[in-house]
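Trainee: Got a structure here, written out as structure tokens. Questions coming.
The values are calculated or read from the model by the stated rules, or taken from the named source; none is laboratory data. None of these values were measured; they are calculated from a predicted model. Here the Cβ is made from the backbone with ideal geometry for all residues, glycine too, and neighbour counts use every protein chain on show. For the accessible areas, the whole protein counts, side chains as well, though only heavy atoms, and no ligand, DNA or RNA atoms are used. Shrake-Rupley method; radii C 1.70, N 1.55, O 1.52, S 1.80 Å.
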Amino acid sequence: MSSGLSKLNKNAPKEKWNFVNFDVQDGLPGYSSSKASWIGKDGEIFLGGIDGITYFYPGKINEVKPDVVLEDIKVLDVSLKSDSSEIKLPKSILKLDELHLSYMQNNISFEFTSIHFSRPQKNKIAYLLEGFNNHWISTDRNFVSFTNLNPGEYTFRLKGSNGDGIWNDLERTVKIIISPPWWRTTSAYFGYFFIIALSAFGFDRVQRKRILQKQQALAKDKELVQAKEIEKAYTELKATQSQLIQSEKMASLGELTAGIAHEIQNPLNFVNNFSEVSNELIDEMNEELDKGDIEEAKAIASDIKKNLEKINHHGKRADAIVKGMLQHSRTSSGVKEPTDINALADEYLRLAYHGLRAKDKSFNATIITDFDKTIGMIGIIPQDIGRVILNLITNAFYVVNEKKIALTGSATAQYEPTIWVSTKKIGNQVSISVKDNGNGIPREIKDKIFQPFFTTKPTGQGTGLGLSLSYDIVKTHGGELKVETKEGEGSEFVIIFS
């Protein structure tokens with residue numbers, strides 16, 4: 001035992017086996033090369049040496065683990081135990097388990113010691129600052145410093161060992177919390193996020209506004225171009241519409257030409273005949289005057305006067321027909337005037353009939369009229385409503401004539417074309433009806449008959465504008481144009497003025 005005694009604890013797991021050495025500092029009297037030893041019955045060991053005998057019980061040798069003490073903490077080289085320290089501790093450093101510092105107080109020193117009075121010069125201390133390093137550092141010094149620690153949470157851990165290398169499992173720990181600067185706090189980051197989000201939102205709004213303004217400017221320019229194109233197209237459409245209306249008007253005027261000629265021819269024949277007769281009567285009257293027969297001359301003069309009255313009557317009739325034709329051909333004044341609707345309907349009925357007869361001598365139809373004499377005068381634009389009545393009657397004559405032609409030579413050749421024209425006053429309403437016994441209007445085209453350019457007539461026989469213009473004229477008068485029809489039986493068009 002020249003160097004002392006060594007103890008091996010075989011009761012521990014093999015990987016933890018270690019030797020614990022004892023020397024004079026542990027109470028041995030000295031070192032000797034003597035091998036004199038003896039173990040008593042109770043396990044007591046006797047060792048002989050030059051300085052005497054050493055005896056002891058191995059089982060009574062205690063392994064005393066050291067205590068570690070945290071003696072002081074310095075922040076920015078100022079002890080927390082000092083009165084000059086700005087940091088006021090809630091408890092003594094010996095019991096302190098948590099320390100709060102600001103981000104500027106990030107230079108920290110720890111002073112500590114390991115308490116074990118057996119061979120204290122061999123005591124060792126290990127430390128670990130969790131959050132800064134991840135391994136234990138063993139040191140013989142009693143202090144350690146950490147500088148420029150980042151804001152965050154750290155745990156300073158201490159443990160000590162005695163001179164035999166036995167470490168104390170009971171650690172001394174202090175939690176260190178270094179607060180970040182205000183600009184690195186959670187609320188600050190929320191503020192940054194809010195500001196960034198607000199800025200991004202504002203930037204997005206500004207960009208969207210710029211894009212929208214640009215799009216609106218482009219759209220405005222495009223709208224101006226489209227507006228000019230629409231205005232140009234509208235002007236052309238109005239011009240075309242005027243031409244089409246004039247064409248339709250001239251077409252209906254053409255329908256009337258033969259009828260008007262026929263109507264004028266009758267009064268002219270009367271005028272011519274009565275003029276010739278009157279001329280002969282004047283010669284006879286002169287002869288009677290030469291004979292001195294005054295009574296006979298007066299009788300002849302009376303006949304001449306009657307003839308002149310007839311000439312005047314038929315001349316006025318021809319004048320009225322001409323005026324009616326001029327009214328039909330000229331542009332509407334747009335001014336309503338009191339009009340005898342019965343006379344207007346009768347006039348255009350006769351003109352339409354004679355016009356069709358002039359083109360087709362074989363045509364004939366039964367015409368039934370029923371005019372309500374209580375209607376009196378109503379405020380309309382006569383030339384416009386006259387065109388509507390003429391169009392409806394002309395269409396009625398056309399469909400009954402087409403049906404008669406289709407039935408010619410068949411078993412149903414007994415068909416008699418018939419047109420009913422009537423007026424009626426019910427309360428504040430006045431209606432004009434034009435009815436026929438033609439083939440009626442098929443269901444699939446009934447909703448299209450008032451559309452512009454829609455016609456069932458062969459190419460060249462209709463413009464497709466008659467009913468469309470008639471519908472617009474009646475609407476302009478605040479009225480309504482209706483149609484009731486049955487396939488194979490006929491149709492009835494009714495104009496209603498309120």
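Trainee: For the stretch 56-73: of the residues being open to solvent by 30 Å² or more (accessible area, probe 1.4 Å) and either at pLDDT 70 or above or acidic (Asp, Glu) (or both), which is farthest from ASN142 (Cα to Cα)?
Mentor: Here is the first cut: in the stretch 56-73, the residues open to solvent by 30 Å² or more (accessible area, probe 1.4 Å) are 56-65, 67, 69, 71.
Add one more test, that the residue is either at pLDDT 70 or above or acidic (Asp, Glu) (or both), and what stays is 63, 67, 69, 71.
On the way: GLU63: 23, ASP67: 14, VAL69: 10, GLU71: 9 Å.
Per the stated criteria, the residue is GLU63.
Trainee: On to the next question. Could you check how many residues of the stretch 414-425 are open to solvent by 50 Å² or more (accessible area, probe 1.4 Å) and at pLDDT 90 or above?
Mentor: Start the filter on the stretch 414-425 by keeping residues that are open to solvent by 50 Å² or more (accessible area, probe 1.4 Å), which leaves 414, 416, 420, 424-425.
Then keep just the ones that are at pLDDT 90 or above; that gives 420, 424-425.
Qualifying residue count, the stretch 414-425: 3.
Trainee: Hey, can you tell me all the residues within the stretch 359-370 that are part of a loop (DSSP other than H, G, I, E, B), open to solvent by 50 Å² or more (accessible area, probe 1.4 Å) and within 21 Å of GLU492 (Cα to Cα)? Please lay out each step first, then the result.
Mentor: Here is the first cut: in the stretch 359-370, the ones part of a loop (DSSP other than H, G, I, E, B) are 360-365.
Now narrow it down to the ones that are open to solvent by 50 Å² or more (accessible area, probe 1.4 Å): 361-362, 364.
The one that is part of a loop (DSSP other than H, G, I, E, B), open to solvent by 50 Å² or more (accessible area, probe 1.4 Å) and within 21 Å of GLU492 (Cα to Cα): ASN364.
Trainee: For the stretch 133-153, state whether one or more residues are at pLDDT below 85, among the small types (Gly, Ala, Ser) and open to solvent by less than 100 Å² (accessible area, probe 1.4 Å).
Mentor: For the stretch 133-153, residues at pLDDT below 85, among the small types (Gly, Ala, Ser) and open to solvent by less than 100 Å² (accessible area, probe 1.4 Å): absent.
Trainee: Kindly provide the set of residues from the stretch 172-216 that are open to solvent by less than 50 Å² (accessible area, probe 1.4 Å) and farther than 30 Å from LEU128 by Cα, ordered by number.
Mentor: Matches in the stretch 172-216: ALA188, GLY191, ALA197, GLY202.
Trainee: Right, something else. Out of (1) surrounded by 15 or more Cβ atoms within 10 Å (Cβ to Cβ); (2) within 28 Å of THR339 (Cβ to Cβ); (3) at pLDDT below 90, the odd one out for GLY376 is which?
Mentor: (1)
Trainee: Something else: Within the stretch 403-413, identify whether any single residue is exposed (fewer than 15 other Cβ atoms within 10 Å of the Cβ), modelled with pLDDT under 85, more than 24 Å from PHE371 (Cα to Cα) and in contact with a Leu (Cβ under 7 Å, 6 or more places away or on another chain), and answer yes or no.
Mentor: Looking for residues that are exposed (fewer than 15 other Cβ atoms within 10 Å of the Cβ), modelled with pLDDT under 85, more than 24 Å from PHE371 (Cα to Cα) and in contact with a Leu (Cβ under 7 Å, 6 or more places away or on another chain), one finds at least one in the stretch 403-413, hence yes.
Trainee: Let me ask you something else. Do any strands (runs of 3 or more DSSP E) entirely within the stretch 119-222 hold 1 or more residues that are farther than 30 Å from SER79 by Cα and among the basic types (Lys, Arg), and if so, which? Walk me through it before giving the result.
Mentor: Values: elements: 124-130, 137-139, 143-146, 152-161, 172-178.
No strands (runs of 3 or more DSSP E) qualify here.
Trainee: Right, something else. Given the structure, is ASP221 open to solvent by less than 70 Å² (accessible area, probe 1.4 Å), charged (D, E, K, R), under 59 Å from the mean Cα position of the chain (by Cα) and over 21 Å from VAL68 (Cα atoms)?
Mentor: Values: open to solvent by less than 70 Å² (accessible area, probe 1.4 Å): no; charged (D, E, K, R): yes; under 59 Å from the mean Cα position of the chain (by Cα): yes; over 21 Å from VAL68 (Cα atoms): yes.
The answer is no for ASP221.
Trainee: Mind listing whichever residues of the stretch 265-291 are farther than 30 Å from GLY355 by Cα and open to solvent by 50 Å² or more (accessible area, probe 1.4 Å)? Can you show your working first?
Mentor: Our first condition is that a residue be farther than 30 Å from GLY355 by Cα; within the stretch 265-291, this holds for 277-291.
VAL277, ASN279, GLU280, ILE282, ASP283, GLU284, ASN286, GLU287, LEU289, ASP290, LYS291, listed by residue number.
Trainee: A follow-up question, please. Provide a single number: the residues in the stretch 38-55 that are of a type outside the set (Phe, Trp, Tyr), surrounded by 13 or more Cβ atoms within 10 Å (Cβ to Cβ) and either at pLDDT 80 or above or part of a strand (DSSP E or B) (or both).
Mentor: To start, the set of residues in the stretch 38-55 that are of a type outside the set (Phe, Trp, Tyr) comprises 39-45, 47-54.
Right, trim to surrounded by 13 or more Cβ atoms within 10 Å (Cβ to Cβ) and you get 44-45, 47-49, 54.
Filter once more, so that each one left must be either at pLDDT 80 or above or part of a strand (DSSP E or B) (or both): 45, 47-49, 54.
Total satisfying the criteria: 5.
Trainee: For the stretch 74-86, does any single residue satisfy the condition of being modelled with pLDDT under 85, surrounded by 15 or more Cβ atoms within 10 Å (Cβ to Cβ) and either more than 60 Å from the chain's Cα centre (by Cα) or acidic (Asp, Glu) (or both)?
Mentor: yes
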